[in-house]
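The values are calculated or read from the model by the stated rules, or taken from the named source; none is laboratory data. Since the model is a prediction, treat every value here as computed from it, not as a measurement. Note that each Cβ is placed from the backbone with ideal geometry, even for glycine, and that neighbours are counted across all protein chains shown. The protein model used for the area step is the full one, side chains on, heavy atoms only, and it has no ligands, DNA or RNA in it. Shrake-Rupley method; radii C 1.70, N 1.55, O 1.52, S 1.80 Å.
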Amino acid sequence: MYFTALIDDLAERGWSLQRGVIPTDVTAELAAECRSREVQGALSPAGIGRGDALAVREGIRGDQILWLEPGQSPACDRYLALMDELRVTLNQTLFLGLEEFECHFAFYPPGAFYKTHLDRFRDDDRRAVSVVLYLNEVWEEGDGGELRLHLAGQAPVDVTPLAGTLAVFLSGEVPHEVLPTRRDRLSLTGWFKRRALVGG
Ligand code: OGA
Ligand code: MN
């Protein structure tokens, strides 16, 4: 099965890094789209929290985002189709009961970062699995901008945000941060969500 290594990692340790599960032409088209949307000024400063609690706080995160909508481009639709395959596979193998996938382009200008956090909101704990696809074709030693996973009982793992790398982890269990970047940093960040509990 296509996602076997990813599923095994997630089951055993709660996180996985994959290269090669997203076709390179899809990644390249997504990168071009993220870049052109950013140049058009279509991205907005990301908030913290949801709804009324949504606040832009540059001291916590400095990225700009644009949510993906089905039908916005062939590359986005191919990516959403792949994520739906992954969602179904996760449900069949790990019984996670994932119902939805949501994702946004993210652009971190030089100097931007995102302090250590979990991908959960106090008023919405439906996010179960986080998936980040990196879109930069070039990333050099000293460019910063690594995703740092803080894993229990071991040294942190730093992920270089190079195009084609997919980082996957359990949203509520792996604290993580984006270290300050020194060059434009492009990614597509998404979450698989569980069904809402009755009354919750
Ligand atoms: C996030 C996040 C990580 C990354 O958007 O919640 O943690 O590497 N992003 O972009
Ligand atoms: Mn996060």
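Which is more than 10 Å from ligand 1 (Cβ to nearest atom), open to solvent by 50 Å² or more (accessible area, probe 1.4 Å) and part of a strand (DSSP E or B), of E141, E99?
On the way: E141 fails: part of a strand (DSSP E or B).
Going through E141, E99 in turn, just one is more than 10 Å from ligand 1 (Cβ to nearest atom), open to solvent by 50 Å² or more (accessible area, probe 1.4 Å) and part of a strand (DSSP E or B): E99.
Output the residues belonging to the range 114-135 that are part of a strand (DSSP E or B), more than 13 Å from ligand 1 (Cβ to nearest atom) and at pLDDT below 90.
Passing the criteria: only D124.
Just to verify a result, which residue in the range 174-191, among those that are more than 18 Å from F105 (Cβ to Cβ) and in contact with a Phe, Trp or Tyr (Cβ under 9 Å, 6 or more places away or on another chain), is farthest from ligand 2 (Cβ to nearest atom)?
Restricting to residues being more than 18 Å from F105 (Cβ to Cβ) and in contact with a Phe, Trp or Tyr (Cβ under 9 Å, 6 or more places away or on another chain), the top hit is P180.
Among the residues of the range 97-120, how many are away from ligand 2 (no atom under 11 Å from the Cβ) and on the phi < 0 side of the Ramachandran plot?
Quick first cut of the range 97-120, residues away from ligand 2 (no atom under 11 Å from the Cβ) only: 97-105, 107-113.
Now drop any that are not on the phi < 0 side of the Ramachandran plot, which leaves 98-105, 107-110, 112-113.
Qualifying residue count for the region: 14.
Can you pull out every residue in the range 71-93 that is under 15 Å from R194 (Cβ atoms) and either open to solvent by 50 Å² or more (accessible area, probe 1.4 Å) or of a type in the set (S, T, Y) (or both)?
The answer is V88, and nothing else.
With respect to V138, determine if the residue is of a type outside the set (F, W, Y), in contact with a Gly (Cβ under 7 Å, 6 or more places away or on another chain) and within 20 Å of L162 (Cβ to Cβ).
no
Quick one: G199 ticks every box in (1) more than 15 Å from ligand 1 (Cβ to nearest atom); (2) modelled with pLDDT of 95 or more bar one, so which box is it?
Exception for G199: condition (2).
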